[in-house]
Amino acid sequence: MLKGAVAGRYAEALYEIAVTAKLVDQLEEELKAVVGVITESDQLRKILFHPRITAAEKKEVLDSLFKGRISEVAMSFLGLLVERHREIYLADITEYFTGLANKARNISDVNVTSAVELTKEEKKRLADAMAKCTGKKVRLSYNVDKGLLGGLLVRVGDKVIDGSVRTRLETLREHLRQIS
């Protein structure tokens, strides 16, 4: 609960600043890059998330890595997170920030899981259908899960459309249990 609330507040505040300064796209890319660097480096994560390392030392590390490579707004934001002991929420803040930016751009991220790899034609038809259904531009990502047996599992934000054979079989099994 706290993670979402903290990430939301910081992301919304940063987004307002980004809109005012017309830096939304740039800040989004910079935050994603910083999160990527932190994710890839165990040593950097240990330094940033260790409670006994002071904020000044953490800021010094961040300055040595990112100063001159990312905007002053992004550097100031990272410094603020460190000062307030919120650096652990950076990935969640970035995700929330991206969601706010995509909402303003009228873009919806859609995750599609299928039992087999979809053909180009199927992907195109699905993209068209999802764009029509959501009324937005869609960015689809595809995964394969052989456990679905058949059908699709589609996630749009926090909504799930489950048209998988596995779920239908489980529903049928439960229905048969109830009537017998």
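The values are calculated or read from the model by the stated rules, or taken from the named source; none is laboratory data. Everything numeric here is computed off the predicted structure, so don't read it as measured data. Every residue, glycine as well, gets a Cβ built from its backbone with ideal geometry; the counts of neighbours run over all protein chains shown. Remember, those area values only see protein heavy atoms, side chains included, never the ligands or the DNA or RNA. Shrake-Rupley method; radii C 1.70, N 1.55, O 1.52, S 1.80 Å.
Quick look at the numbers
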{"item": "Helices (runs of 4 or more DSSP H) within the stretch 7-81 that include 1 or more residues in contact with a strand residue (DSSP E or B) (Cβ under 9 Å, 6 or more places away or on another chain) and not hydroxyl-bearing (Ser, Thr, Tyr)", "result": "24-40"}
{"item": "The stretch 142-158, residues that are without any contact (Cβ under 8 Å) to a residue 40 or more places away in the chain and open to solvent by less than 50 Å² (accessible area, probe 1.4 Å)", "result": "Gly147, Leu148, Gly150, Gly151"}
{"item": "Selected residue (only one of Thr167, Thr171 is out of contact with any Asp or Glu (no Cβ under 9 Å at 6 or more places or on another chain), exposed (fewer than 12 other Cβ atoms within 10 Å of the Cβ) and assigned to a helix (DSSP H, G or I))", "result": "Thr171"}
{"item": "One residue from Ala104, Ala115 being of a type in the set (A, V, I, L, M), in contact with a helix residue (DSSP H, G or I) (Cβ under 9 Å, 6 or more places away or on another chain) and under 21 Å from Arg9 (Cα atoms)", "result": "Ala104"}
{"item": "Residue selected from the stretch 111-124 under the condition more than 19 Å from the chain's Cα centre (by Cα) and crowded, with 16+ Cβ neighbours inside 10 Å, by the criterion modelled with the lowest pLDDT", "result": "Ala115"}
{"item": "Among (1) closer than 30 Å to Val34 by Cα; (2) part of a helix (DSSP H, G or I); (3) of a type in the set (Ser, Thr, Tyr); (4) at pLDDT below 95 - the single one Ser141 does not satisfy", "result": "(2)"}
{"item": "One residue from Val61, Val73 being surrounded by 13 or more Cβ atoms within 10 Å (Cβ to Cβ) and within 19 Å of Ala101 (Cβ to Cβ)", "result": "Val73"}
{"item": "Failed criterion for His85 (all others in (1) open to solvent by 70 Å² or more (accessible area, probe 1.4 Å); (2) of a type outside the set (Val, Ile, Thr); (3) without any contact (Cβ under 8 Å) to a residue 60 or more places away in the chain; (4) in a helix (DSSP H, G or I) hold)", "result": "(4)"}
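Listed here are the residues, each with its yes/no results for (1) open to solvent by 100 Å² or more (accessible area, probe 1.4 Å); (2) not in a strand (DSSP E or B).
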{"position": "Asp92", "(1), (2)": "no, yes"}
{"position": "Lys103", "(1), (2)": "yes, yes"}
{"position": "Asp109", "(1), (2)": "no, no"}
{"position": "Leu126", "(1), (2)": "no, yes"}
{"position": "Ala131", "(1), (2)": "no, yes"}
{"position": "Val160", "(1), (2)": "no, no"}
{"position": "Arg177", "(1), (2)": "yes, yes"}
